[in-house]
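The structure appears right after this line, and notes come after that.
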Amino acid sequence: MTTTTKTTTTKTTTTTATSTGLGSKLAYLTRALKTPTIARVWEDLAAQARDRNWSHEEYLTAVLERQVADRESAGTVMRIRTAHFPQVKTLEEFNLDHLPSLRSDLLAHLATGTFVAKAENVILLGPPGIGKTHLAIGLGVKATQAGYSVLFDTASNWITRLATAHQSGQLEAELKKIRRYKLIIVDEVGYIPFDHDAANLFFQLVASRYEQGSVMVTSNLPFGRWGEVFGDEIVAAAMIDRLVHHAEVLTLSGDSYRTRARRELLAKDRDN
Ligand code: ADP
Ligand code: MG
């Protein structure tokens, strides 16, 4: 170290820390606490604390803050990876001006993730291209940032997963495993009609999470047409009851974002 600002006091104290075995003790303690960031930063921050005359409380806060920041960002990265989003899309990238039918206060509320804490559901309904998948991923990402585990898949993949488990007599175990995720996202209900078995499996998925874990569903069909998807009005009605009992239902209307983008490009072309 060539900096002259480091005073003799710093050196003496550091020497004291190591000579009294505090360094190795801290190495041991941070390992035991599983706080690698503290192990990495305590010494530099201690020097800073001495240079800047931090109080003990300020030093402790600085050290803990670094650990928490690292842990939160590492956890979020992990949760986003395990959520299996088809693409990572954020709410910040979502253009609200294109979708006046979406209540922005409601979206902001959902973005806090409190609905996950309360095991409430979110249903996004609207025509193709309106931004349902984008919003579902964006809200899913927010939930991971709030510390919740999330799992994303299309409705047909969820059914495949449940059918495989059912065939090997593992449906209950599978549903239990899925319940470990605080939020599951079921994208594209309605694109492919379900047969009788698939409808029943989907019903069981929804029922197994009722008031226990959140479900987010996107669909291009209004509830009134879910009977067609599930091939059975009664199963559809029973499922909708459970889904919407504690839920925010966002019905989106307007132009497809894709179509609108194309139309605007064409208009610009004409004007030139
Ligand atoms: P849906 O799932 O309703 O069919 P998507 O979410 O897949 O629609 O949206 C289609 C495409 O348009 C995606 O690439 C998405 O990111 C984009 N998109 C849709 N709405 C918006 C918006 N309001 N702002 C920014 N991008 C949008
Ligand atoms: Mg979609």
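Just so you know, all these numbers are worked out from the coordinates, no wet-lab data involved. As the structure is a prediction and not an experimental result, all values here were calculated from the model. When we count neighbours, we look across all protein chains shown, and the Cβ atoms used for this are built from the backbone with ideal geometry, even at glycine.
Between segment 229-257 and segment 97-135, what is the C-alpha centre distance in whole Å?
14 Å
Neighbouring Cβ atoms within 10 Å as the yardstick, rank Tyr181, Tyr59 fewest first. Present the calculation step by step, with values, prior to reporting the outcome.
Values: Tyr181 20, Tyr59 17.
Fewest-to-most ranking of Tyr181, Tyr59: Tyr59, Tyr181.
If only Cα atoms are counted, what is the Rg of the chain, and what is its Dmax, in Å?
Every Cα atom of the chain included, Rg and Dmax give 25.9, 81 Å.
Let's test the formula: R0 of 45 Å, r as the Cβ-Cβ distance of Thr160 and Arg50. What FRET efficiency results, to the nearest 0.05?
FRET efficiency, Thr160 to Arg50: 0.15.
Tell me the angle of helix 155-167 to the major Cα principal axis of the chain, expressed in degrees between 0 and 90 and rounded to the nearest ten.
Once rounded, one gets 90 degrees.
Taking 0.36 nm per residue of sequence separation and subtracting the Cα-Cα distance, how much length would be gained by fully extending the chain between Ala108 and Ile234, in nm to one decimal?
Full-extension gain reported as 41.9 nm.
So how strong a dipole does the chain carry about its Cα centre when Lys and Arg Cβ are +1 and Asp and Glu Cβ are -1, to the nearest 20 debye?
The dipole magnitude comes to about 1100 debye.
Students often check this: by mean Cβ neighbours within 10 Å, which of 212-218, 92-98, 183-189, 161-167 ranks highest, and how do the rest follow?
183-189, 212-218, 161-167, 92-98
Residue separation times 0.36 nm, minus the C-alpha to C-alpha distance between Val77 and Arg263: what's the value? Could the numbers behind the result be given before it?
On the way: separation 186, 0.36 × 186 = 66.96 nm, distance 3.68 nm.
Answer, rounded to one decimal: 63.3 nm.
Which value in Å is the Kirkwood Rh of segment 141-272 over different Cα pairs?
That comes to 16.5 Å for segment 141-272.
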